[in-house]
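Undergrad: Structure in structure tokens, see below.
The numbers here are math on the coordinates, done by the rules we state, and not lab data. Everything numeric in this text was worked out from a predicted model, so none of it was measured. Cβ placement follows ideal geometry from the backbone for every residue including glycine, while neighbour counts extend to all protein chains displayed.
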Amino acid sequence: MGRISSETRQAILEKTDFLAVYQEHVRLVRKGSSYWGLCPFHTEKTPSFSVNAETGLFYCFGCHKGGSIVQFLMEMEKLTYHETMIELARRAGVPLSFDDRKPEEIQNEEKDRRDLLDLHERLATTFNWFLTNTPHGRNALDVLHRRGIDDTLIEKFRLGYAPADRGWLHAFLRSKGYSDEFLAKSGLFSGNNPTWPLFADRIMFPIMDAKGRVVAFGGRCMSDDGPKYLNSPDTLLYRKQETLFALPQALESIANQDAALVCEGYMDALSFHQAGITHAVAPLGTAFTARQALMLRRRAARVLLCFDGDEAGVRAAERACVVATAAGLEVSVLMLEGGKDASEILEKQGPGVLTQILKNTINAGTFLLTRARKLFDVSTMEGKAKAISFLFPYLDALDSDVKRQDFFRDISMATGVSAHAIASDFAKAKLAGGLGDQVRRTASEQIAQTPGQGQSRVRTADLLFMTAVALQPEFFNTVRAHVGKYDLDDPRARDLFEALEEAEVEGVHDLAGILTHCTDSSTVESVAAIAASGELAGERDRLILDGTWRIRKRTLQRRKQALIDSLATAGGEADPAKIQETMETIMRIDAELKHSGGSLDE
């Protein structure tokens, strides 16, 4: 059996419900941005074992063990790394594939990934310029203004306009040096005609990943030529079922409110943000998926589903209730009256109405029960049976028998069928395998107390710097243009630098994946401890910039001192030409020290 391919390993780590795996061994309860429980690695009475809700890293403030879900499972179940990845693949439903590509093929793919990010970033800027600075974009800008979207929000979401001329984009990108082969991978052109752009005469919505990087586009048609909304296809950068529109703009609000608002589309999400309801996100032309639900669960305990009041919107809400509940989220529903959507309400009634209607929500169970009574005639035995079967997927998604028993009683009161009979039919359906596998989480039993910090490992400046880079690996290529592995004094920082190099080659960009490349367990534990402490929150960009310059300056000063020492040691016996060469090198170092001044752009 060969090496698991980098794409497969990335997919395994992205799709792993790490909380579910942890909670098979530890009872965890959420407190702030972390989950807490009693450490499985040592005996304790006060919880000191923490799991970061965003990164999935664990750290125990008592025994100082830490790392990703991979290290956790290796330690708990005494597995090798390879065995652990196979086990996580099984749990996540990821088919295993093995990598027989040559290193240069892997490097080429990673270069394509970087170039695609650069291309999408540049295009987002170009589309925004067309919208805000050209006569061609005036109609699109008027549409947005008319729908209640102001210029501040347009800039925040980097909205744009793709010109109606279908010849300009391919010619423009070819003039910038992009090859036809590369453009065919971009998701910007038709698969049948490689020069025919997917987006023309459309309002453009940049789609960003959780780090705020543009990875795809959505476009709203300005005419009757083609579908009203169009999205980029899946590419090296983008998986529509694993991405949410407006997520980076909503993250802070989601964390503050411990809740996310999921609505139907781009304009609905933008309308809520315009009204000051900034925890709104939207799926991307598909139904709300389990992967999207898990992304939100890592960041919040609750989700509010807001869908249109038409039949399609109601059916979408039905499915989303089950998906979100199965992911362990507390779910409530808001159905907009009269078939209106949030964008229409903002346009015709103003932001205050959107704010007010958020108060009119019902929990998922009540919504589905009401829906069952509307769909089926519960005055007949056949209608009762159909209504009850309609509710089985939601019953299966509930994460505790207590909740399930409570809902059995609600169904019984609504249909006149005994709770015992409902439970019996549900058990038979589940035994028959008709309900499908659902994502689980164990119900928490008690509120954990925040543990004390206890002893901590030494945090050197170099380690803090490289941890910040590992938490934002998109900066790594910029960093290594100025800093080398041996410029770092802390061996853990050097280990992390090497791990980032290997992860970069393999296209791995999440912290859990990066840490699997570390060779020293103390590196993993130290990174987990720093991440768990929260000391880098809001400071990563500054720490990376300052750290890069600090280390570069230190390296230059050491090199300069070594050259000065070599001149002193040689004394009068030194070759004049060698002395001159050394002095010129010292002068160049002095010039760089003076000129750079901490900037990475020079």
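Undergrad: Which entries in LYS228/LYS348; LYS240/LYS403; LYS185/LYS340; LYS240/LYS428; LYS156/LYS340 show an alpha-carbon gap greater than 30 Å?
TA: Working: LYS228/LYS348 21 Å; LYS240/LYS403 32 Å; LYS185/LYS340 38 Å; LYS240/LYS428 36 Å; LYS156/LYS340 26 Å.
Table pairs above 30 Å Cα-Cα are LYS240/LYS403; LYS185/LYS340; LYS240/LYS428.
Undergrad: I want the local charge near VAL303. Using Cβ-Cβ distances under 13 Å, sum +1 for each Lys or Arg and -1 for each Asp or Glu among the other residues. Each step should come with its number before you reach the end.
TA: Working: positive: ARG297, ARG298, ARG299, ARG302; negative: ASP258, GLU330.
Every neighbour counted, the sum reads +2.
Undergrad: So, one more: With a/c under 1.5 counting as rounded, go ahead and sort the stretch 499-573 into rounded, prolate or oblate using the C-alpha gyration tensor (a ≥ b ≥ c being the square roots of the eigenvalues; past the cut-off, prolate if a/b is larger than b/c, else oblate).
TA: Details: a/c = 2.91, a/b = 2.14, b/c = 1.36.
It comes out prolate by the Cα gyration axes.
Undergrad: Also, quick follow-up: Determine ³J(HN,Hα), in whole Hz, for all residues of the stretch 125-142 in sequence, where each value follows from phi through the Karplus function 6.51 cos²θ - 1.76 cosθ + 1.60 and θ = phi - 60°; x replaces Gly and Pro.
TA: Per-residue couplings from phi come out as 5, 5, 4, 5, 5, 4, 5, 9, 10, 10, x, 4, x, 4, 4, 5, 5, 5 Hz.
Undergrad: Can you pull the one-decimal nm distance between simple spin-label points at ASP150 and HIS25, each 7 Å off the Cα toward Cβ?
TA: Here the modelled spin labels are 5.1 nm apart.
Undergrad: Averaging sequence separations of C-alpha pairs under 8 Å and six or more residues apart, then dividing by the length of the chain, give the relative contact order as a whole percent. Display every interim value, and only then the final one.
TA: Working: 902 pairs, mean separation 84.3, N = 602.
Over the chain, the number comes to 14 percent.
Undergrad: Dipole size in debye (nearest 20) for the chain around its Cα centre, Lys and Arg Cβ +1, Asp and Glu Cβ -1?
TA: Dipole about the Cα centre, nearest 20: 1280 debye.
Undergrad: Write out the GluC sites (Glu not before Pro) in the stretch 1-82 meeting two conditions: DSSP loop, and at most 10 other Cβ atoms within 10 Å of their Cβ. Could the numbers behind the result be given before it?
TA: Working: sites: GLU7, GLU14, GLU24, GLU44, GLU54, GLU75, GLU77; in loops: GLU24, GLU44, GLU54.
Qualifying residues, ordered by number: none.
Undergrad: Please give, to one decimal in nm, the separation of the simple spin-label points placed at GLN107 and ASP401, each 7 Å out from Cα toward the Cβ.
TA: Those two pseudo-labels are separated by 5.9 nm.
Undergrad: Then there's this: As I understand it, the dipole of the chain uses +1 on the Cβ of Lys and Arg and -1 on the Cβ of Asp and Glu, about the Cα centre. Which of ASN192, PRO248, PRO491 lies farthest toward its positive end?
TA: The Cα lying farthest towards the positive end belongs to PRO248.
Undergrad: Determine, from the Cβ-Cβ distance of ARG558 and GLU181 and an R0 of 51 Å, the FRET efficiency 1/(1 + (r/R0)^6), rounded to the nearest 0.05.
TA: Working: r = 45 Å, r/R0 = 0.88.
The pair ARG558/GLU181 has a calculated efficiency of 0.70.
Undergrad: Taking amide H positions as placed 1.01 Å from N in the peptide plane, with prolines and chain starts having none, which residues 5 or more places from GLU330, or on another chain, fall under 5 Å of its amide H?
TA: So GLU330 has HN proximity to ARG302, VAL303.
Undergrad: Between rounded, prolate and oblate, where does the stretch 103-169 land on the alpha carbon gyration tensor, with a ≥ b ≥ c its root eigenvalues, rounded for a/c under 1.5, else prolate if a/b exceeds b/c? Before the final figure, lay out each step's value.
TA: Values: a/c = 4.26, a/b = 2.21, b/c = 1.92.
Prolate, since a/c reaches 1.5 and a/b exceeds b/c.
Undergrad: So if I place +1 on the C-beta of Lys and Arg and -1 on the C-beta of Asp and Glu, and nothing else carries charge, what would the dipole magnitude of the stretch 461-596 be about its Cα centre? I want it in debye, nearest 20. If you can, show how the numbers build up before the last one.
TA: Working: 16 positive and 25 negative charges, 113 e Å.
Using Cβ point charges on Lys, Arg, Asp and Glu, the stretch 461-596 gives about 540 debye.
Undergrad: Could you give me the ³J(HN,Hα) list for the stretch 504-516, computed from phi with Karplus coefficients 6.51, -1.76, 1.60 and θ = phi - 60°, whole Hz, x at Gly and Pro?
TA: Working through the residues one at a time gives 4, 4, 8, x, 8, 10, 10, 4, 4, x, 4, 5, 5 Hz.
Undergrad: Given the options ALA171, PHE217, LEU116, identify the residue whose Cα lies farthest towards the positive end of the charge dipole of the stretch 103-238 (+1 on Cβ of Lys, Arg; -1 on Cβ of Asp, Glu).
TA: Selected residue: PHE217.
Undergrad: Relative contact order of the stretch 461-596, please, whole-number percent, based on alpha carbon pairs below 8 angstrom and at least 6 residues apart.
TA: On the way: 100 pairs, mean separation 36.5, N = 136.
With pairs under 8 Å counted, the relative contact order is 27 percent.
Undergrad: Still on this structure, please answer the following. List the residues whose amide H sits under 5 Å from the amide H of LYS31, counting only those 5 or more places along or on another chain, with H placed 1.01 Å from N in the peptide plane.
TA: Under 5 Å from the amide H of LYS31: TRP36.
Undergrad: Normalised by the residues of the stretch 204-344, what does the relative contact order come to in percent, with Cα pairs under 8 Å and at least six apart? Could you put the intermediate results ahead of the total?
TA: Details: 273 pairs, mean separation 28.8, N = 141.
Reported as a whole number, the value is 20 percent.
Undergrad: Continuing with the same structure: Order 29-42, 182-195 from most to least packed using the mean count of other Cβ atoms within 10 Å. Can you show the working numbers first?
TA: Numbers: 29-42: 18.2, 182-195: 15.5.
Put in order of decreasing packing, that is 29-42, 182-195.
Undergrad: Then there is this: Short version: ³J(HN,Hα) in whole Hz for each residue of the stretch 53-64, in order, from phi by Karplus 6.51 cos²θ - 1.76 cosθ + 1.60 (θ = phi - 60°), x for Gly and Pro, what are they?
TA: Result, ordered by residue: 5, 8, 8, x, 6, 10, 7, 9, 6, x, 9, 6 Hz.
Undergrad: Arrange the peptides 296-308, 209-221, 82-94 so that the one whose residues have, on average, the most other Cβ atoms within 10 Å appears first. Before the final figure, lay out the partial values.
TA: Numbers: 296-308: 22.5, 209-221: 19.5, 82-94: 16.7.
The densest-packed peptide leads the list: 296-308, 209-221, 82-94.
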